[in-house]
1. From the list LEU183, LEU173, which one is surrounded by fewer than 22 Cβ atoms within 10 Å (Cβ to Cβ) and in contact with a strand residue (DSSP E or B) (Cβ under 9 Å, 6 or more places away or on another chain)?
2. Give me the pairs, please: first residue somewhere in the range 42-66 and over 23 Å from LYS25 (Cα atoms) and in the same structural domain as GLY130 (by TED's automatic domain parsing), second residue anywhere and part of a helix (DSSP H, G or I) and among the small types (Gly, Ala, Ser), beta-carbon distance under 7 Å, and either six or more positions apart or on two chains.
3. Are there any pairs, at least 6 apart or on different chains, whose C-beta atoms fall under 8 Å, with the first in the range 89-116 and on the phi < 0 side of the Ramachandran plot and not assigned by TED's automatic domain parsing to the domain that holds LEU76 and the second among the charged types (D, E, K, R) and exposed (fewer than 15 other Cβ atoms within 10 Å of the Cβ), and if so, which?
4. Quick one: which residue in ILE141, ILE156 is part of a strand (DSSP E or B) and either crowded, with 24+ Cβ neighbours inside 10 Å or under 12 Å from the mean Cα position of the chain (by Cα) (or both)?
5. Give me the pairs, please: first residue somewhere in the range 247-274 and more than 12 Å from LEU217 (Cα to Cα), second residue anywhere and at pLDDT below 95 and not in a helix (DSSP H, G or I), beta-carbon distance under 8 Å, and either six or more positions apart or on two chains.
6. Among the residues of the range 83-102, which ones are assigned to a loop (DSSP other than H, G, I, E, B) and over 30 Å from ARG147 (Cα atoms)?
7. Do we find that VAL121 is in a helix (DSSP H, G or I), under 16 Å from the mean Cα position of the chain (by Cα) and buried (at least 18 other Cβ atoms within 10 Å of the Cβ) in this structure?
8. Only one of these conditions is not met by PHE244: (1) farther than 25 Å from VAL57 by Cα; (2) touching an Asp or Glu at 6+ places or on another chain (Cβ under 6 Å); (3) among the hydrophobic types (A, V, I, L, M, F, W, C). Which number is it?
Amino acid sequence: MAWFKKEKQKLVSQKREMAADVWEKCDSCGEILYVRRLTENLYVCPECGNHFRIPAVAYVDLLLDDGFEEEFDTELRSADPLGFVDSKPYTKRVEHAEAKVGTRDAVLTGSGRINGRLACVGVMEFGFIGGSMGSVVGEKIARMIERAVDRKAPVIIVSASGGARMQEGIFSLMQLAKTAAALQRLAEHGLPFISVLTHPTTGGVTASYAMLGDVNLAEPGALIGFAGPRVIKETIRQDLPDGFQTSEFLLEHGMVDTIVPRGELKETITVLLDHMC
C-alpha cells in the first residue's frame, strides 16, 4: 500500500535525533505511540483501537489494488458565487486549502479495482475546509455515479465531512438533491452503492449520499450525525444518551449495518460486492 509505505520511509530516512513527529499521542487513551508502529497498523491505535484520521489518498491506497486507474474531473475548482468573505475571502481560503492538502477540492473520485473488480470510488478529504460539500464535491460525486452507470460498476464512497460549505450558500445545499438523484439512477440500473462512514461524517453529507447506501459501513468510534451534540442538546434541552452519534450507537439503533475496523475494510467490501453483483 503505497501511502503507508511512503509514511514509513519518511521515518526511516530521518536522522538519529528524535524528531517531534516520531511520536504521536492517542486522543482516545492518551498513549504515546511510535509513529512507525502506528503506520504499520494503518493509523489505528494498537492499545485501544482508536482510528486516527487519515487523508483521502490513504483510503484510495487502502481500498484499491493499484490506486486509481483513472481519476475523474481533476480540473474542477470551486467558484465564488457569493463573493463570500468571513475572516478571509473564500477564494483565499480555497487557495490555502489547495496548497495545504494538495487536492483541488474536498473529494477525490476515480475508477479502480478492488481485488480485481472494477468500481467507481469517491473519497472525501477532511483536510480541505473540513471536508465540506460545495458545488465541486457534489458535481464530482454526481459525475462519478453517472460514469458508474455507463460502466455498469458499483460505487463506493468514503465520507468524512463537517457538512455543507456555507461559503457557497444555496449552491452547496443543492448538492444534497443532486447526489441523491444520481444515486436513484444508479439503483434503477441495479448497481450497488456501499457507503463508508468515517470520523466525522456530519451535516449535509449525512443528510444526503452518506446514509443512502445499499450497505452503510462505519469505522469504530466515528462521529456520525446531522447537527452536533451540543446544538441538539441546547435545542431539545435534554441530556443526550452516552455514546450519542457514535458508530456503535447508530449500529444499535439500526442506522448503520455494521462496524468494520480499517484493516478489514477492503475484504468486507469485496465480500459485499461479490454478493451484490
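The values are calculated or read from the model by the stated rules, or taken from the named source; none is laboratory data. All figures in this text were calculated on a predicted structure; none of them were measured in a lab. Note: ideal-geometry Cβ built from the backbone for every residue, glycine included; neighbour counts use all protein chains shown.
1. Going through LEU183, LEU173 in turn, just one is surrounded by fewer than 22 Cβ atoms within 10 Å (Cβ to Cβ) and in contact with a strand residue (DSSP E or B) (Cβ under 9 Å, 6 or more places away or on another chain): LEU173.
2. Qualifying pairs under 7 Å: ASP61/ALA2.
3. Cβ pairs passing all conditions: none.
4. Exactly one of ILE141, ILE156 is part of a strand (DSSP E or B) and either crowded, with 24+ Cβ neighbours inside 10 Å or under 12 Å from the mean Cα position of the chain (by Cα) (or both), namely ILE156.
5. PHE249/PRO241; PHE249/GLY243
6. GLY83, PHE84, ASP86, SER87, LYS88
7. no
8. Checking PHE244 against (1) farther than 25 Å from VAL57 by Cα; (2) touching an Asp or Glu at 6+ places or on another chain (Cβ under 6 Å); (3) among the hydrophobic types (A, V, I, L, M, F, W, C), the one that fails is (2).
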